[in-house]
Structures are given as C-alpha cells and as structure tokens.
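Working notes, structure below.
The values are calculated or read from the model by the stated rules, or taken from the named source; none is laboratory data. All values reported here derive from a predicted model rather than from experimental measurement. All Cβ positions, even for glycine, are placed from backbone atoms using ideal geometry, and neighbour counts span all protein chains on display.
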Amino acid sequence: MIKILIVEDQALLRDMLEQSINEQGDMEVAGSTDDASKAPLMCRQLKPDLVLMDVVTANDSNGIKYAALIHKEMPDIKIVIMTALPEITFIDEARKAGVYSYVYKNSGYKHLFYVIRSTMEDIGIYPGPKDTPSLSGRFTETEISVIRFVCQGKTREEIIKELDTTEFALRTVITSVLNKTGFDSITKFALYALNLNLIIIPNQG
C-alpha cells in the first residue's frame, strides 16, 4: 500500500484527491495539509511513502522549497510536484530539490496515478517540452494590465479608474485570470508572476 501525504491549499481539490486516492486498491492517504511548511513535520510523524506536493500553498509557502528539505532529511520519501502553472522554471527547481516526478493538475487522475505508481517503482516522470505550454498568449491585454496593476500594489478602486471600467467588469477579469492559473488569489498570482519575471512592470517616473 502506497501511503501518500497530500499538500494542496485548495480545499475542494484536496478533498477530491483524498477520495480518489483512497478508492485505489494500492494507495491510501496518510494525511493532508494546505501548507507546505507543515509537510516536513508531518513526514516525520506519518512516515508516508510519497508526498504529493503543490507548488504554491497556504501562507505563500513554496512547495519546492519544502520538498528540498524533506528530500535532504528523509531521502527515502519520494516527492511528486503538482502544479496548475506550466512554467519551465519550476521543473528546473524541482529537479534541483530532489523531486522525483512532476505533473500538471490538468493531466487528469489516470495520468496522476500512473505517475505515482511509476515513481514508487523508481521511474521518475517529468513533462517533456511538448507538454509544457508557454504562458505567453494565455492572457488578454486587459488581463495582463490588471496583473501589472496588482503587481504595482494598486487597489481595486485605482485599477477601475485606470482602466475606465466597472467593478463587475474587473471582477470578471480577475475570475478569468484565476481560472486560467489555478490560483485562488490575484495577489498570489501577481507575486508569482513578478518573481519569475513573467510580468514586466513599466518604470514609473
């Protein structure tokens, strides 16, 4: 039986993962958390065979950072990184952290379970270049403008004024960005985009 620790900050997805994993005859959920910073302690206590780790978790905890800590202290525990964001930089960071396999959330459960089972057989699975779509072209000009304004620390009222739009229209744009990225907060995504230089902030003054 493969004992799995789930680290995923979206409650609905976490619950669905728990249910689907427990329905597999060869897998069971040893525990779950929404915060990657709690994962090392849970690994010491629960001794899972595998950690299914999201990249961006509660309290802005970086899953890859804590994956590296787990790998260093408990190298026998295999780690699978999962993310909704197809950003090649994560793959490089994951390899350096000792992550065994890497999967996108939109791959579906069938592929996820294949990755988990392969990982437990010492076969690491990483997406190839053809599986890694670019972030460019994913957003409309308005969506990119909103992300830039959030990166600049502008309030919603200021963004509405800058775009000469309505609160409802802005909420619609933000919802679209979150649906495309898998984030639950436009601020979290803006910080992510800024850190990886995905969004260029124009010089001010």
Practice problem: Kindly establish whether I6 is over 30 Å from L178 (Cβ atoms), hydrophobic (A, V, I, L, M, F, W, C) and in contact with a strand residue (DSSP E or B) (Cβ under 9 Å, 6 or more places away or on another chain). | Solution: no
Exercise. Filter segment 48-73 for residues that are without any contact (Cβ under 8 Å) to a residue 60 or more places away in the chain and surrounded by fewer than 16 Cβ atoms within 10 Å (Cβ to Cβ) and give the result.
Key: N59, K65, K72, E73
Quiz prompt | Those residues of segment 1-18 which are surrounded by fewer than 17 Cβ atoms within 10 Å (Cβ to Cβ), aliphatic (A, V, I, L, M) and either modelled with pLDDT of 90 or more or closer than 11 Å to A36 by Cβ (or both), in sequence order | solution = M1, M16
Quiz item: When the residues of segment 141-199 are filtered to those that are surrounded by fewer than 13 Cβ atoms within 10 Å (Cβ to Cβ) and part of a loop (DSSP other than H, G, I, E, B), which remaining residue is modelled with the lowest pLDDT?
Solution: N197
Quiz item: Is it true that V99 is in the same structural domain as T57 (by TED's automatic domain parsing), at pLDDT 90 or above, under 15 Å from the mean Cα position of the chain (by Cα) and outside any helix (DSSP H, G or I)?
Solution: yes
Practice problem: Of all residues in segment 1-47, count the ones that are free of Cβ contacts under 8 Å to residues at least 40 places away in the same chain and in a strand (DSSP E or B). | Solution: 6
Quiz item: Would it be correct to say that D131 is at pLDDT below 85 and charged (D, E, K, R)?
Solution: yes
